[in-house]
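Right, one structure below, let's go through it.
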Amino acid sequence: MIQHVHNYHIYDLFKADANWYYKIPKYQRAYTWNQYNWKALYDDLMENGREYFIGSMICINTANDAIDYQQLEVVDGQQRLTTITLFLAAIYSKLQQWEDIVKNDEDSYDDYRELKKLLLCKGSKENGLMLVPQIESNNSADYAYVMSTLGLSKGKKEKNFGNRKIAKCYKYFCDRLDNEIFNLSQNDAITKIRDIYSIIKCAVVVKIEVSNSSEAYMLFESLNNRGASLTPIELMKNTILARAEQNGLSTDDCYDKWQELLENISDDYATQERFFRHYYNAYKNKINALFRKENEKKKDILGNVATKSNLLNIYEALIKRNLSDFLDEITQCGKVYSMFLLLNDEDTRFKTELTSLYRVQGTPSYLLLLYLICEQVNLQLEDNTIEKIIKLMTTFFVRRNLTDIPNTQDVTRIFMNIISDIEDNSLKSTNIYNQIYNVLQSKSATDDLFKEKLSGDIYEDNVGITRFLLCELAESYMTTETFKDLWAQVEQGNNGKKVYEWTIEHIFPEGERIPNEWVDMIANGDRELAKDYRDKYVHKLGNLTLTGYNSKLSNMSFIRKRDRQNDKNKYLGYKNGLGLNAEIAQKDSWTIEDITARTKKLVNELLEKYKL
């Protein structure tokens, strides 16, 4: 399994006459170390001196002995390796500043030339460097550029270079060295830099060489890794790559399929993790049947439900059972899941319905939708039936997220049980819709409770659902000619943060200090009564609407809110053209009676729209 294992000093690991160079394969994670790691490495080296052990590395060496220069693929240890070489580059840059002086001292000049040779490899096929980082996050390009500034290679400065980890790491060590030699004479500074170099070049690394990816990744998993901890999803990838060759598959092909999957389910880790939970929960019965022995009493061998804690165990079992089938099935499901994430700007199937479901925070239902769309042909489901199911789920989540019925912890199980019902009863076509409708109706809050919540302090209970319902009401008044995108976002300030262009507006202001105009209008000048009204009515549906430029309206009087215009005479207030505001725009005052009447009207519209 292990071809070679040996502890090396840094100067041996990168020695000038070595017949190897190191490459980080493309399927490795990008360089992730930060200032905490750089500081820890620097301080550890300086405090412990020479012969300090800084960790191990695992390399794949498939070269024939006859080959002059071996390319060693770094499977574990790339974070330390990249950091060490950037540290050496920073030392070289300082000696280079005083090259004329260094050349006049034999020992200093020996160190200077040795440093250069450690960073270069004549036989390296990529830029002549001893280390070739992978391409993700511009690691390879940024690294080459750093070395080019020292005259060691060719490199181009890519856009935003200074904001990325490679540049920041190199700058960190340059700054630390500057601090070390601050106020020293040139000769003393050179001596100090050489002392630091003597420590780092004598640091010890254990290098382990194996012959193939499978052995490398199995070994990697068994070692106590001191680098940045890997996520369960990264460990899944490692398991796939470790077993690729054992299954007669190409490591590169497996990596490409894995990357295709992750691209479909976004680069957000929480979303990726949710997909893997949803996939197992949707296909739990089918998956566990693969592992169940004859007369096995335990039905769910891999677990009743996928959670964060058991996710890795589930997928390691699936990967080890049949890697080829697993990759084919999971990538196909990933393509379907990408529909739910609305990653494509173009119109796709069910996009309108899925957009509403997403906005109403209906992501727990994706596990059922994943199953229905993946199995659409077998289940004889027409597109219009799936559209109806998505709309039904939207209604369910409007009611659930406002009433908290059913409990959050029960929602996943409800959708998993629906899948079991479909499979156990061999349901097809509209019978599936009917089953889903019956289950969701039985699990939802009563109309009376839903009405009570709609009529209550809805804004205080759930701002997200409140915004969704106001947008739905506003859109119900729109035509093709009057359509406005109420979910459009604009950048706020220079920090890149985006906010909704249309925001919730409290007609009667919600602030602690009620303006005099409002005290006079709503409570005939009685400030205590106005405060009482504010506490009871300000968050009611009837007192809420949608406007642009919410911060500019704030505590203005009702008339100023109603009639406010911009410098182009475009109405910003209640005369902004939304049908939701048409009735308000006709009023000259705003009273508790108006809030009560409008609340009743809007509640009745929503009860009709979201009835079960």
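The table that follows gives values for the structure above.
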{"item": "Filter result for residue 169 (within 30 Å of residue 267 (Cα to Cα), touching a residue at least 40 places away in the same chain (Cβ under 8 Å), of a type in the set (A, V, I, L, M, F, W, C) and assigned to a helix (DSSP H, G or I))", "result": "yes"}
{"item": "Any pair with Cβ under 6 angstrom, 6 or more apart, that starts in region 471-487 at a residue that is more than 21 Å from residue 601 (Cα to Cα) and ends at one that is at pLDDT below 90", "result": "486/502"}
{"item": "Among the residues listed as 411, 439, the single one being of a type outside the set (S, T, N, Q), free of Cβ contacts under 8 Å to residues at least 40 places away in the same chain and under 17 Å from residue 397 (Cβ atoms)", "result": "439"}
{"item": "Residue that is least open to solvent (accessible area, probe 1.4 Å), among those in region 440-485 that are closer than 25 Å to residue 352 by Cα, of a type in the set (Asp, Glu) and assigned to a helix (DSSP H, G or I)", "result": "472"}
{"item": "Every residue from region 30-51 that is hydrophobic (A, V, I, L, M, F, W, C) and assigned to a loop (DSSP other than H, G, I, E, B)", "result": "30, 33"}
{"item": "Subset of region 235-254 (residues that are assigned to a helix (DSSP H, G or I) and open to solvent by 20 Å² or more (accessible area, probe 1.4 Å))", "result": "235, 237, 243, 245, 246, 247, 252, 253"}
{"item": "Hits in region 305-321 - residues which are surrounded by 13 or more Cβ atoms within 10 Å (Cβ to Cβ) and either more than 23 Å from the chain's Cα centre (by Cα) or touching a residue at least 12 places away in the same chain (Cβ under 8 Å) (or both)", "result": "305, 306, 307, 311, 312, 314, 315, 316, 317, 318, 319, 320"}
{"item": "Residue 391 being open to solvent by 80 Å² or more (accessible area, probe 1.4 Å), under 30 Å from residue 543 (Cα atoms) and at pLDDT 95 or above", "result": "yes"}
{"item": "Unmet criterion (only one of (1) open to solvent by 20 Å² or more (accessible area, probe 1.4 Å); (2) in contact (Cβ under 8 Å) with a residue 60 or more places away in the chain; (3) of a type outside the set (Gly, Ala, Ser)) for residue 17", "result": "(2)"}
{"item": "Some residue of region 50-69 being open to solvent by 70 Å² or more (accessible area, probe 1.4 Å), among the charged types (D, E, K, R) and in contact (Cβ under 8 Å) with a residue 60 or more places away in the chain", "result": "yes"}
{"item": "The one condition in (1) part of a loop (DSSP other than H, G, I, E, B); (2) of a type outside the set (Phe, Trp, Tyr); (3) closer than 22 Å to residue 601 by Cβ that residue 525 fails to fulfil", "result": "(3)"}
{"item": "Residues of region 95-107 that turn out to be open to solvent by 10 Å² or more (accessible area, probe 1.4 Å) and assigned to a helix (DSSP H, G or I), as a count", "result": "8"}
{"item": "Conditions (1) within 28 Å of residue 190 (Cα to Cα); (2) open to solvent by 30 Å² or more (accessible area, probe 1.4 Å); (3) assigned to a helix (DSSP H, G or I): number failed by residue 140", "result": "(1)"}
{"item": "Yes/no for residue 132 being over 22 Å from residue 99 (Cα atoms) and not polar (S, T, N, Q)", "result": "yes"}
{"item": "Residue within region 530-542 that is modelled with pLDDT under 90, surrounded by 14 or more Cβ atoms within 10 Å (Cβ to Cβ) and not in a helix (DSSP H, G or I) present", "result": "no"}
{"item": "Some residue of region 120-133 being under 22 Å from residue 36 (Cβ atoms) and either outside any strand (DSSP E or B) or open to solvent by 60 Å² or more (accessible area, probe 1.4 Å) (or both)", "result": "yes"}
{"item": "Extreme residue, nearest to residue 533 (Cα to Cα), among residues of region 557-588 that are open to solvent by 50 Å² or more (accessible area, probe 1.4 Å) and small (Gly, Ala, Ser)", "result": "582"}
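The values are calculated or read from the model by the stated rules, or taken from the named source; none is laboratory data. Computed from a predicted model, the values in this text were never measured in an experiment. No Cβ is skipped: glycine too gets one built from the backbone with ideal geometry, and neighbour counts run over all protein chains shown. Note: accessible area is taken over every heavy atom of the protein model, side chains too, but ligands, DNA and RNA are not part of it. Shrake-Rupley method; radii C 1.70, N 1.55, O 1.52, S 1.80 Å.
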